[in-house]
Amino acid sequence: MSYREVRNFCEQMRALGYYRNISLENFKEPNFELVADILFWFAQRYDPKMDISDDIEDQKDRVQFIRQICQMFSSKARIVLNPKKLYEASNDAVKELLKIATVMYKAMQSNDGIIEDDDVSQGMMDFNTTSKLHNLKSAKVLATEITESGAKLFDLLGSEIELKKQRDHSLEFLDSISRNLDSNTEQVYIEKAIRGILDNQTKKQSDMEETIKSLKQDEGELVNKLTRRKQELDRLNKRLQGISSVKPEYQEEYERLEAEFEKYYSGYVEKFTNIEFLEHELDLYNIKEKNRKEVQDRILVGIKKGHEEEENRYFKDEDEDDVFQ
């Protein structure tokens, strides 16, 4: 993709009124979100009633989106797009986007010219719209066919430069043959070219036969490997069935010990539960006893303090009596 084509695409998108600014930097790295947004905008602009989902979260949705876009423009606008380049969303995708942008840009320019001509000659034209409404459907169909034919013609004219060179070269070759009918130079050249093509095709055929031979050999090896694997699987299945039908030597003792273990475990669980309950009750009893002892201690301290106060008052009264005597 050339710099000129990318620049033309950016300019055409701005002229078409695309709502995002596109620069040359946007296409240096793969950007599938931008390519998908441009394609969805193209589809809405070309057919507002189109039914295409813009969900591109996973790979399956992206592939479906690209396929629907390519089918739509191929069937309605006769624009052949390369889905691989569009999916890669690299610099080469701009060439595919440019096909649609160019068709829309030229259509926009054509519509602008028609509007200007209508403005100039509006006073000179007198159409009876009511009488021609029945031709509206056929006019729409004709407009669609004209657009499709124009798009197809544009694609054909795009390769005209290269085709013209090849056509001129072929005409020169035919002229040289017609001028030199007596000379066998051109005949020798044609025979040499045909011989080269035959040799090339023979070589390709030999290579293809070698490839087919190698593939058949690989196929045989794979078939043998699959056969061996299948036989091994059958042997393992038979062995598994035999082992499943035979009761192990210590199975009865294992079942007996398992039953005893379940019995002991049930007893252990019951005892453990009882111990936990008794420990909980003991903790509650200790808390109650501690609280009761604290209350008794406070009562005893109060009683002791009261006795001490009475003794102090008593001895104080006796001392006062001794002083007065």
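Readers should treat all values here as calculations from the given coordinates under stated rules, not as data from a laboratory. This is a predicted model, so every value here is computed, not measured. Positions of Cβ are generated from backbone atoms using ideal geometry, with glycine treated the same way; all protein chains shown enter the neighbour counts.
Points to keep in mind about this one:
- Whole-angstrom gap from segment 59-101 to segment 231-258, using each part's C-alpha centre: 61
- One compactness figure for segment 190-320 is 3.59, namely its Cα radius of gyration divided by 2.2 N^0.38 Å.
- Pairs beyond 32 Å (Cα-Cα), from Lys263/Lys288; Lys165/Lys203; Lys76/Lys164; Lys95/Lys213; Lys49/Lys165: Lys263/Lys288; Lys95/Lys213; Lys49/Lys165
- If you take all other residues with their beta carbon under 11 Å from the beta carbon of Leu226, and give Lys and Arg +1 and Asp and Glu -1, the sum is +1.
- Extent along principal axes [Cα atoms of segment 15-78; Å; largest to smallest]: 32, 31, 19
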